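Derivation of every value follows stated rules applied to the coordinates shown; laboratory data play no part. For clarity, every value in this text was computed on a predicted model and none was experimentally measured. We place every Cβ from the backbone using ideal geometry, glycine too, and count neighbours over all the protein chains shown.
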Amino acid sequence: MSDHFRSFAFLFLALALLLTPLGVSAQETAREAAPATDAAYYLFQAEQLGDPGGSVSVRFEYRQGYHVVGTTHAQVNFDGAQSRLVQIPSSLWNRALLDGEPEDLRVRVYAAGLLVADLDRQELLDYNRNLAYTQGLEQDLRSFGTKIQCDSPCSGGCGPYDDYDCDGVANYTDNCIDDANSNQADCDNDGAGDVCDYLDATYQGSGSIDTCMTDKDDHGAYITFEHHVEQWMVDVSSCGAPSMWSRWVRMDNDCFSYTDKDCCNGLRNSIAAVGDDFMYWCANGIRNYDFCH
């Protein structure tokens, strides 16, 4: 380790100690202040996943922009059931709460390789409000912070047998309790009606995952290189949603006192994993240029 690097590292550590309360980081302090009962759920529908019958691998991603900053995997066992309610891991949701609802905050839900939901913080709140009566989660949702109003013009309140949106379908079975939809149309079979579904599609990757950028971020004291990849996504439901490119950061590399090329070369394993040549993507004239769709 060079003397220059040691000096940099010592200065960085000293600043961190000065700016952090003794023994507790700012994020830990905020996390302790968050209610312990916070919870968010997603309802997986067997029909949406082709009636798997047995166990299905699911993945929850917490994203900011193109960055995947938290991922949790789980198994959902249908055992012949038509649906399974799964709690979104608290580590992801609490982080969403702590970040103060930035515009680019999203939670993505995958099942059996399919993208079945892509929700920002408010959309996830609304989705869970809709589950309050269909799945008997009213108390959980109130603890979660969802404001459940009880002033329906069609009935005395918004309990399970009332009709909050006046569409003739009781709350406990209505797939959109705030938006009238007497036909209960749900083209992607995800349990959220078309009129209130934030992703009216079930997207599946088509073709390879390819490198499209090695991006440099200059933080002053250090630099970061990111490996950006993309894949063409197609809707496999009956919704007929347009196909689209999906882009994300597969890996990043922080560097102190490194040249741009050497820092980019630190992404070699990630670039090779998708079948691309790191020497090409880290070369002058290619490195730090955006080739993504």
**Study point:** Burial order of peptide ranges 124-132, 200-208 (average beta-carbon count within 10 Å, highest first)
**Key:** 124-132, 200-208
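Quote the FRET efficiency, to the nearest 0.05, computed for C292 versus N77 with a Förster distance R0 of 45 Å and r equal to the Cβ-Cβ distance. Display every interim value, and only then the final one.
Working: r = 37 Å, r/R0 = 0.83.
In this case the efficiency is close to 0.75.
Using +1 on the beta carbon of Lys and Arg, -1 on that of Asp and Glu, and nothing else charged, what's the dipole of the range 207-252 about the Cα centre, debye to 20?
Working: 3 positive and 8 negative charges, 25 e Å.
Around 120 debye, computed over the range 207-252.
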Point to revise | Rg followed by Dmax, in Å, when the range 160-263 is reduced to its Cα trace | key: 22.2, 66
